[in-house]
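Have a look at this one.
The values are calculated or read from the model by the stated rules, or taken from the named source; none is laboratory data. It should be emphasised that the depicted structure is a prediction, and the values quoted were computed from it without experimental measurement. Methodologically, a virtual Cβ is constructed for each residue, glycine included, from the backbone with ideal geometry; neighbour enumeration extends over all protein chains shown.
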Amino acid sequence: MHIHDSLQHSETDPRLSELTLLYQFSNTMLSTIRLNKLMHLILTAITTPSSNLFERAILFLRNEKSNVLQGMLAVTRQLSEGLQIVGGHDALGSRWEISDEVISRQRSAEFCLQVRLTRIEIDTDTDCPLIHHIISERSLYHYDDNVCHKCPTCHFIRPLCGGSFAAAPLVARETTIGMIVVDNPDSARDISSDNLHFLQLFANQAGMAIENSMLYNRIEDAHLNLKDARERLLHGERLAAIGEMAANLAHELKNPLITIGGFAGRLLKALPVETREYRYADTIVSEVSRLEKMLAEILAFSRKPTICFHRCNLEEIVQDCLANNAAIFEDHNIRVSFSSDAGPLAVFGDAHQLKQVFLNLILNACDAMPEGGDLSLTLQKASLDKKTVIATVEDTGGGIPQDMLPQIFNPFFTTKHHGTGLGLAIVNRIILNHFGLIEADNTGQGAVFTITLPLAQ
Ligand SMILES: Nc1ncnc2c1ncn2[C@@H]1O[C@H](COP(=O)(O)OP(=O)(O)OP(=O)(O)O)[C@@H](O)[C@H]1O
Ligand SMILES: [Mg+2]
């Protein structure tokens, strides 16, 4: 059913038609919670040809923080066809609907785009009658040519409206949360007092509906944030439990392992080289030393870290790491490049731990490029604030499968035969303890790790 059908009695009884519109609007309000759609429905309802109220309508919403009225949406009569009535044949049970196609046509109209760029400063000390009515008095304002053509504040409305216009405040909880401006630019006819009265009634309801919708959005946002926080908390708890278990286990295993290693070492010395038994003992010794290293890492990870904060030069730290691993690069056919921003890159932190960060990232990159490749490291100041340094470690080892990316910083996540999966977990913890952030991504050719750290002031 089209809106026109329900308004056929409008010619005989305009009051009844007003009431019908208001009733349908209140039904619509109860079933439309999305702010965007609500705004389109409001403006379309008062400009639609069959309601014959206004030829154009503009909606402003107040931004509390910047204290401006921000243009949100405009609908002209040419674009206000398409309001549908659904949910029942009698006016009392029905409500309006609008299609996504009409919404997007209205939104992309030139006049609407112009309105969306309009911001009206709210200065309650001005003599502007519009601001006075809408913000201070919270009452309807009908353009008064004698006063308004002199008013400096109205320069934003005049190019939009040209001639005569009326504005109604959108009020909720006794404050103005926005306004609706209407005019008749096509026929240039003045706004009748009946229509002004209707606008007032309509704006009262619209104000409440918009406030409800904004509150609903805020609740939804808060709900999402809570859900997110809960998930992070659960994840943290799970990791803490795993960490504690691993630390206990590592502690229990350490002593027998030392004994096994010690005896295997003695056997090795006693056995003649080149025998089968010597090879067995040698394997035991090297595997035990690998396990010892792993246990030491686990214990280090589960211990509360102590950081000795000093002013240290990040460039030096990276260069040290590269120098220490030169032999590995050569053996693995890895070309290394390093570039650093001019100027000192001093960070306040623990040089030993920061070295461990780059060492772990470099070793991972080498593991990813067993056949050789390119490893590049960069250091640069953040272009915006100049207060942070951004370090990147990039390789050409094929990258990290997309579904693994969220897990690589978890303790014990590894895809390697001999890996503990603690490397990146340690890296992440060190960076967080230095008030920084680390992220991993793929470049197409390989992986790139980006670290952001605050520069020492
Ligand atoms: N540069 C990289 N390219 C491809 N995959 C990577 C890279 N860095 C890390 N990964 C992936 O992330 C996983 C976790 O890395 P992490 O350093 O935490 O543990 P690990 O290297 O497996 O073991 P560990 O460092 O404890 O010896 C790796 O097993 C690997 O799958
Ligand atoms: Mg590693």
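Quick check on ARG138: is it free of Cβ contacts under 8 Å to residues at least 40 places away in the same chain, in contact with a strand residue (DSSP E or B) (Cβ under 8 Å, 6 or more places away or on another chain) and surrounded by 13 or more Cβ atoms within 10 Å (Cβ to Cβ)?
Working: free of Cβ contacts under 8 Å to residues at least 40 places away in the same chain: yes; in contact with a strand residue (DSSP E or B) (Cβ under 8 Å, 6 or more places away or on another chain): yes; surrounded by 13 or more Cβ atoms within 10 Å (Cβ to Cβ): yes.
Considered against the rule, which asks whether it is free of Cβ contacts under 8 Å to residues at least 40 places away in the same chain, in contact with a strand residue (DSSP E or B) (Cβ under 8 Å, 6 or more places away or on another chain) and surrounded by 13 or more Cβ atoms within 10 Å (Cβ to Cβ), ARG138 comes out as yes.
Tell me the residue from LEU377, LEU354 that is touching a Phe, Trp or Tyr at 6+ places or on another chain (Cβ under 6 Å) and crowded, with 21+ Cβ neighbours inside 10 Å, please.
Working: LEU354 fails: touching a Phe, Trp or Tyr at 6+ places or on another chain (Cβ under 6 Å).
Exactly one of LEU377, LEU354 is touching a Phe, Trp or Tyr at 6+ places or on another chain (Cβ under 6 Å) and crowded, with 21+ Cβ neighbours inside 10 Å, namely LEU377.
For region 410-423, how many residues are more than 11 Å from ligand 2 (Cβ to nearest atom) and either on the phi > 0 side of the Ramachandran plot or of a type in the set (Lys, Arg) (or both)? Walk me through how you get there before you give the answer.
So in region 410-423, the residues more than 11 Å from ligand 2 (Cβ to nearest atom) come out as 410-412, 417.
Restricting the remaining residues to those that are either on the phi > 0 side of the Ramachandran plot or of a type in the set (Lys, Arg) (or both) gives 412.
Result for region 410-423: 1.
Hey, among the residues in region 390-409 that are among the β-branched types (Val, Ile, Thr) and away from ligand 2 (no atom under 14 Å from the Cβ), which one's surrounded by the most Cβ atoms within 10 Å (Cβ to Cβ)?
THR396
While we're on this one: For region 264-290, what are the residues that are buried (at least 16 other Cβ atoms within 10 Å of the Cβ) and under 49 Å from the mean Cα position of the chain (by Cα)?
VAL288
Hey, another quick one. Could you look through region 419-437, keep only residues that are surrounded by fewer than 16 Cβ atoms within 10 Å (Cβ to Cβ) and more than 7 Å from ligand 1 (Cβ to nearest atom), and pick out the one that is nearest to the chain's Cα centre (by Cα)?
My answer is LEU437.
Would you confirm, using the coordinates I've provided, whether GLY446 is within 20 Å of PHE338 (Cα to Cα), within 7 Å of ligand 1 (Cβ to nearest atom) and over 25 Å from the mean Cα position of the chain (by Cα)? Walk me through it before giving the result.
Working: within 20 Å of PHE338 (Cα to Cα): yes; within 7 Å of ligand 1 (Cβ to nearest atom): yes; over 25 Å from the mean Cα position of the chain (by Cα): yes.
Against the criterion (within 20 Å of PHE338 (Cα to Cα), within 7 Å of ligand 1 (Cβ to nearest atom) and over 25 Å from the mean Cα position of the chain (by Cα)), GLY446 qualifies.
I need the full set of residues from region 351-373 which are near ligand 1 (Cβ under 7 Å from one of its atoms) and touching a Pro at 6+ places or on another chain (Cβ under 9 Å), in order please.
Selection gives nothing.
Also, quick follow-up: Being closer than 26 Å to HIS418 by Cβ, among the hydrophobic types (A, V, I, L, M, F, W, C), modelled with pLDDT of 80 or more and not assigned by TED's automatic domain parsing to the domain that holds ILE390: is that true of ALA323 here? Let's see the steps before the verdict.
Details: closer than 26 Å to HIS418 by Cβ: yes; among the hydrophobic types (A, V, I, L, M, F, W, C): yes; modelled with pLDDT of 80 or more: yes; not assigned by TED's automatic domain parsing to the domain that holds ILE390: no.
Answer is no for this residue.
So GLY82 fits all but one of (1) touching a residue at least 60 places away in the same chain (Cβ under 8 Å); (2) of a type outside the set (S, T, N, Q); (3) at positive phi; what number is the exception?
(1)
Six or more apart or on different chains, Cβ under 8 Å: which pairs go from a residue in region 434-445 that's closer than 15 Å to LEU314 by Cα and in the same structural domain as PRO406 (by TED's automatic domain parsing) to one that's more than 11 Å from ligand 1 (Cβ to nearest atom) and in a loop (DSSP other than H, G, I, E, B)? Could you list them?
What qualifies is HIS434/ILE307; HIS434/ASP350.
Out of region 176-227, which residues are β-branched (Val, Ile, Thr) and touching a residue at least 60 places away in the same chain (Cβ under 8 Å)?
First, pick out the residues of region 176-227 that are β-branched (Val, Ile, Thr): 176-177, 180-182, 191, 210, 219.
THR176, ILE177, ILE180, VAL181, VAL182, ILE191, ILE210 - these are the residues of region 176-227 that are β-branched (Val, Ile, Thr) and touching a residue at least 60 places away in the same chain (Cβ under 8 Å).
Looking at the structure I just gave you, is ALA440 more than 29 Å from GLY343 (Cα to Cα) and either within 13 Å of ligand 1 (Cβ to nearest atom) or more than 25 Å from the chain's Cα centre (by Cα) (or both)? Break it down into steps so the answer makes sense when it comes.
Working: more than 29 Å from GLY343 (Cα to Cα): no; either within 13 Å of ligand 1 (Cβ to nearest atom) or more than 25 Å from the chain's Cα centre (by Cα) (or both): yes.
Spelling it out, it is not the case that ALA440 is more than 29 Å from GLY343 (Cα to Cα) and either within 13 Å of ligand 1 (Cβ to nearest atom) or more than 25 Å from the chain's Cα centre (by Cα) (or both).
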